[in-house]
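Below you'll find the structure, written out as structure tokens, and then a few comments.
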Amino acid sequence: MTPVILLAAEQKSAEVTDWAGRIGWVVGLLLVVALLYWLMREGWKWRGTLQGGLPELLTAPDEPGPAKLKLSGRYHGSTTAGQWLDRIVAHGLGTRSRVELTLTDAGLEVVRPGADDFFVPAAALREARLDKGIAGKVLTEGGLLVVTWEHGGKLIDSGFRSDRAAEHAAWVDAINTMTNSKTETEGAR
């Protein structure tokens, strides 16, 4: 045989694809991805079990009073106060969603389409501040409204981002004014 024909025959045999090997690798990779997803899901459920001592969230009263402030934006989650990476997942507090916030004299109403709504009574509000991050979400400095509140004897930080970030300062002032006047009233007793 001529060298050209031998070379062409060798190239043709080298081009044969090992489909069984490729399919095996793809199936193996899919199994690893499925295992990692399952482990993450079990970790989320375990975290919820560990936080099971947290009482059920309150719902808004029938007549909360007139709105002082309203905000529409995103809810980015809740953490243990002062520990921005310790996410709370119990009772749906770890679920990110759209949010409609309403501040009244009665407290803070948090309406979340696709997730559980909750209400923070004015007596449970502790402070509000501008921050740059909460578990799973980091923004520019002051890009996140963080409200600290007490529930079941535990201080919780909840992170919100308004569709109009310029509103954050008014929320910080209003909530801190509410908590300061509450503290002064309790101190006078």
Original post:
Which option, [x] 38, 15, 13; [y] 55, 19, 14; [z] 24, 21, 15, is the value of semi-axes √(5λ) of the Cα gyration tensor in Å that was calculated from these coordinates?
Top reply: [y]
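Please arrange Tyr37, Tyr75 by how many other C-beta atoms lie within 10 Å of their C-beta, fewest to most. Show your work: numbers first, answer last.
Details: Tyr37 10, Tyr75 21.
By the 10 Å Cβ count, ascending: Tyr37, Tyr75.
Please order Thr79, Thr140 by the number of other Cβ within 10 Å, starting at the fewest. Provide the component values of the computation, followed by the final result.
Details: Thr79 23, Thr140 9.
Going from sparsest to densest Cβ surroundings: Thr140, Thr79.
We did not get these values from a lab; they are worked out from the coordinates using the rules stated. These numbers were taken from a predicted model, which means no experiment stands behind them. Positions of Cβ are generated from backbone atoms using ideal geometry, with glycine treated the same way; all protein chains shown enter the neighbour counts.
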